[in-house]
Amino acid sequence: MQELRDLASRLLGDGTVGVVVGYEEGPRGVRPAFVTDAADADRLVFDRRCVQNLAVYLSPRRGHLARLGKKAVVVKGCDARAVAGLLREKQIARQDVVVLGVRCGGVLRHESGNGEALTAQTVADRCSGCDCREPRLADHVVGDLPPSPPVSTRRADRMEEIERMSPQERWDRWQRELQRCVRCHACREVCPMCFCERCVADKTVPSWIESSPHGRGNLAWHLTRALHQAGRCCDCGECERACPANIPLGLLNRKLAQVVEERFGYRVTDDPAVPAPIGRYEPNDAQEFIL
Amino acid sequence: MMTTKSISRDGLASLVADLVGGGTEVIAPSRAPDGEVEYRRVLRFDEIVWSDEMPRSSLKEFFLPPSEPLFSWRQTRSDVTIEPVPTRFGPRVVLGARPCDVAGVAAVDAVMGWDYRDELWFGRREATTLVSSACGGVDGSCFCRMVGLSPESEKGADLVLFPGDGGHLAKAVTEKGESFLSAHAARFGETTDEAKPVADANAGLGGGVAPADPAAIRAWLSEHFEDPMWESIALRCHGCGACAAVCPSCHCFDIVDEPEGLLEGTRRRNWDTCQTARFTVHASGHNPRADQSARFRQRVMHKFSIYPAKFGEVLCTGCGRCARACPAGMDLPEIVSKIAALAAEAVR
């Protein structure tokens, strides 16, 4: 941790960056921190409670953050996939950000964990089978390499449960889940890949997606959100964590990711040079679904 | 002098059966299919969860649903017909609500009735008896005392339940509460006990926070609209509005016309929040609240300056749900204590 603090202090001290976006202790566990003074770098922490994906703060939409100057951002290996996504989709330029990679052995599902151990029950869904404990897309990498996180079958079990359902059961299940949505759009705002200047859900002339939290509006919103994430979602789980109605959005994202992998052989990567299916055409792309 | 009666656990179970059997809708903290506690319609006493878990949403949705039709329209060749929605509602009892949640309902009453009496809000209010349950605090995000309430606050309640020997004491607060006690007299017994606060199982929580001085906070806010603090405290805020969705006193709404086919449609009102960019964007594209610092400031200003200037109290009941729901760790109790400290310093 001291290595991270020293690095942050140096980058702020020599003027390389204007702000270091990292984690600090908050009243309810760790939370995002914005350190602008080298003397404050000791606020920074990193441990298994650091679930948040801080790449979201790189979005050009965050005007009041941009005023602090060039950003350094603390990322776990998985969060680096979001940084790669922003680079791939030309939202930021590589020289605009200093990426501080932290070696990570898995995080809890929630930031407020009171120091509980990482177990198959407490570990975040995305950590099972992690292949990026050592961040690759980074200017600096700090910390010792921890052992692999515990393996949980929680998400796979839930996916399987839904796959086994009949179409009608599946429809009823999602209707029940989505009816709780109050359309606060927290899922969108915490998503590093939801960076549109104007979201289709906010357009009113015409209103493509009804803003009402009724069955029609909620279905239209969640289908659109999930489809726009196909082949783009970095699987940080922030949408699901942020949802005040506990809608299991990660399951939708995961399903789309599986379909993209099956059809296009593409898995979201932390290499920004690998084009995503949405930005690439191959003559032999499967296209029998185009009428 | 309002009446206090006793009611046993069995009495309460029979009361629920009486109410449900008599066609009254009973709403109480209960477990949702996903395991979380929320205010839900219950049919049996044993569905009610009497625990220290905070229901995930407030009572707001039972008076101001996330989306509700205001009227429907149908167009013919020469005319438009309007189909109104009913503004009278069947009887309901909310049982075992948190004092902060019923206080939230009372705070919104002021807004819904000051210039125009909102028929849908008051239709539901009048049909509903609010029975709260004195609270022992939930966790470190509770801050009801800081905003001038308490775990046994009576604000907004018709009847408050306190723990008593072998059951509860039921203390009437309003005429509606008195009528409720008389209408269900068979289930209540006489008592000479005094209503006492819940033994604070979570010592230091909920009740442990010192009251802030609302007048000093208001005065400080009115002079610090441009304070640099707003920029720094809102850096982590995503502008998602989850705080407003779970807030018992946030009540802003949007009104939309939703066509259903070419000739008919529905006008609805939907929850809205000042935390999103869209809330204030003008047709020209200009947004007077250009970024999240301005939007978060608005949330604090409305709760601790604008509403108090009009109605005398603060628009926050200290339930702490915003802090619990926030994906970024924005913490209203922390921010209010910070402002209270700045305000106290300014007075000195």
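Roughly how crowded by other chains is peptide B:134-143, in terms of the mean Cβ count from those chains within 10 Å of each of its Cβ atoms?
Working: counts 0, 0, 0, 0, 0, 2, 2, 3, 0, 0.
Mean number of neighbouring Cβ atoms from other chains: 1.
Provide the gained length on full extension for the span A:VAL141 to A:MET159, in nm with one decimal, where the gain is 0.36 nm per separating residue minus the Cα-Cα distance. Don't skip to the answer; put the middle values down first.
Values: separation 18, 0.36 × 18 = 6.48 nm, distance 3.40 nm.
The A:VAL141-A:MET159 span can extend by a further 3.1 nm.
Excluding residues fewer than 8 places away in the same chain, name every one of the aspartates and glutamates whose C-alpha is closer than 15 Å to that of B:LYS176. Output for B:LYS176: B:GLU126, B:GLU154, B:ASP158.
Using Stokes-Einstein with the Kirkwood hydrodynamic radius over Cα pairs, what translational diffusion coefficient do you get for chain B at 25 °C and a viscosity of 0.890 mPa s, in µm²/s rounded to a whole number? If you can, show how the numbers build up before the last one.
Values: Rh = 21.8 Å.
Stokes-Einstein gives a translational diffusion coefficient of 113 µm²/s.
Once you order the gyration tensor axes a ≥ b ≥ c over the Cα atoms, which shape class does the stretch B:1-120 get: rounded for a/c under 1.5, otherwise prolate or oblate by comparing a/b with b/c? Walk me through the numbers before you get to the answer.
Working: a/c = 2.05, a/b = 1.87, b/c = 1.10.
Taking the square roots of the gyration eigenvalues as a ≥ b ≥ c, the stretch B:1-120 is prolate.
Solvent-accessible surface of the protein assembly as shown, averaged per residue with a 1.4 angstrom probe and all protein chains in place: 45 square angstrom. Could you tell me whether the protein assembly as shown comes out rounded, prolate or oblate from its Cα gyration tensor? Rule is a ≥ b ≥ c as square roots of the eigenvalues, rounded for a/c under 1.5, then prolate if a/b exceeds b/c, otherwise oblate. Since a/c reaches 1.5 and a/b is larger than b/c, the shape of the protein assembly as shown is classed as prolate. Within the stretch B:65-142, the chymotrypsin sites (Phe, Trp or Tyr not before Pro) that combine a DSSP coil assignment with at most 16 other C-beta atoms in a 10 angstrom radius are B:PHE89, B:TRP114, B:TYR116.
Cross-link partners for A:LYS255 among the aspartates and glutamates, with Cα-Cα distance under 18 Å and sequence neighbours closer than 8 places in the same chain left out: A:ASP125, A:ASP157, A:GLU160, A:GLU161, A:GLU163, A:GLU169, A:ASP172, A:GLU177, A:ASP235, A:GLU238, A:GLU240. Each listed q (0.21, 0.22 Å⁻¹) maps to a log10 I(q)/I(0) for the stretch B:65-106, found by the Debye formula over equal Cα scatterers with no solvent: -0.88, -0.91.
Just how large is the dipole of the stretch A:2-142 about the Cα centre, in debye to the nearest 20, putting +1 at every Lys and Arg Cβ and -1 at every Asp and Glu Cβ? The partial results should precede the final answer.
On the way: 22 positive and 18 negative charges, 109 e Å.
For the stretch A:2-142, the charge dipole is close to 520 debye.
For the listed residue pairs B:LYS60/B:LYS303; A:LYS76/B:LYS338; B:LYS5/B:LYS303, the alpha carbons are over 28 angstrom apart in A:LYS76/B:LYS338; B:LYS5/B:LYS303.
For the peptides A:63-69, A:3-9, the ranking by mean Cβ contacts within 10 Å, running from highest to lowest, is A:3-9, A:63-69.
Pairs of alpha carbons in the stretch A:239-289 separated by more than 16 Å make up 54% of all such pairs.
Applying both filters, DSSP loop and at most 15 other Cβ atoms within 10 Å, to the trypsin sites (Lys or Arg not before Pro) of the stretch B:70-177 gives B:ARG77, B:ARG88, B:ARG117. The overall shape of the stretch B:133-176 is oblate: from the C-alpha gyration tensor, with semi-axes ordered a ≥ b ≥ c, the ratio a/c is 1.5 or greater and a/b is no larger than b/c. Across peptide A:176-186, the average count of Cβ atoms from other chains found within 10 Å of a residue's Cβ is 6.
Set the Förster radius R0 to 51 Å, insert the Cβ-Cβ distance between B:LEU43 and A:VAL259 as r into 1/(1 + (r/R0)^6), and round the FRET efficiency to 0.05.
Values: r = 41 Å, r/R0 = 0.81.
FRET efficiency, B:LEU43 to A:VAL259: 0.80.
Take every Cα pair under 8 Å whose residues are at least 6 apart in sequence, average their separation, divide by the length of the stretch B:214-346, and the relative contact order is 33 percent.
Just counting partner chain Cβ atoms within 10 Å, what average do the residues of peptide A:24-37 show around their Cβ? Walk me through the numbers before you get to the answer.
Working: counts 2, 1, 8, 8, 11, 1, 1, 7, 8, 3, 3, 0, 2, 0.
Mean partner-chain Cβ count within 10 Å for A:24-37: 4.
Stokes-Einstein diffusion of the stretch A:190-291 at 25 °C, 0.890 mPa s viscosity, Kirkwood radius from Cα pairs, rounded to a whole number: 161 µm²/s. Note on B:ASP52 and A:ARG170: their simple-model spin labels are 4.4 nm apart, each label 7 Å out from Cα toward Cβ. Can you give the FRET efficiency to the nearest 0.05 for A:LYS90 and B:THR174, using r as the Cβ-Cβ distance and R₀ = 56 Å? The value I calculate is 0.35.
Report, for the stretch A:2-142, the % of DSSP beta bridges that are antiparallel, rounded to 5.
On the way: 9 of 20 bridges.
About 45 percent, rounded to the nearest 5.
Measuring from each cysteine beta-carbon in chain B, the ones with no other cysteine beta-carbon under 4.7 angstrom are B:CYS135, B:CYS142, B:CYS144, B:CYS237, B:CYS240, B:CYS252, B:CYS274, B:CYS316, B:CYS326. Using θ = phi - 60° in the Karplus curve 6.51 cos²θ - 1.76 cosθ + 1.60, the 3J(HN,Hα) couplings for the stretch B:257-273 round to 9, 10, x, 10, x, 7, 10, 9, x, 9, 8, 10, 10, 10, 3, 9, 8 Hz; x is entered for Gly and Pro.
Lysines near A:LYS71 by alpha-carbon distance under 18 Å, same-chain residues fewer than 8 away left out - which ones? Cα-Cα hits under 18 Å: A:LYS90. When only Cα pairs below 8 angstrom with a gap of at least 6 residues are kept, chain A shows a relative contact order of 17 percent. Spin-label model, B:MET229/B:TYR116: points 7 Å from Cα along the beta carbon direction are separated by 3.5 nm. Distances between every pair of Cα atoms in the stretch A:1-61, grouped in 10 Å steps from 0 to the bin holding the largest one, split as 24, 52, 23, 1 percent.
All Cα-Cα separations within chain A were binned at 5 Å from zero, giving a P(r) of 1, 5, 11, 15, 18, 17, 14, 10, 5, 3, 1, 0, 0, each value a whole percent of the pairs. Between amide H atoms placed 1.01 Å from N, distances below 5 Å from B:ILE27 occur with B:VAL42, B:VAL93, B:VAL94, B:LEU95, all of them 5 or more places distant or on a separate chain. Computed from phi, the 3J(HN,Hα) profile of the stretch B:60-68 under the Karplus parametrisation 6.51, -1.76, 1.60 (θ = phi - 60°) reads 3, 5, 7, 10, 10, x, x, 9, 9 Hz, with x in place of Gly and Pro. The apolar share of the surface of chain B, taken as the fraction of accessible area on carbon and sulfur atoms (1.4 Å probe, ligands and nucleic acids excluded), comes to 52 percent. Chains B and A together bury roughly 2900 Å² of accessible area, counting both sides, with a 1.4 Å probe on protein heavy atoms only.
Considering only beta bridges that DSSP places wholly inside the protein assembly as shown, some 70 percent are antiparallel.
The values are calculated or read from the model by the stated rules, or taken from the named source; none is laboratory data. Note that this is a predicted model, so its numbers are computed, not measured. Cβ atoms come from the backbone with ideal geometry, glycine included; neighbour counts cover every protein chain shown. Heavy atoms of the whole protein, side chains included, go into the accessibility calculation; ligands, DNA and RNA do not. Shrake-Rupley method; radii C 1.70, N 1.55, O 1.52, S 1.80 Å.
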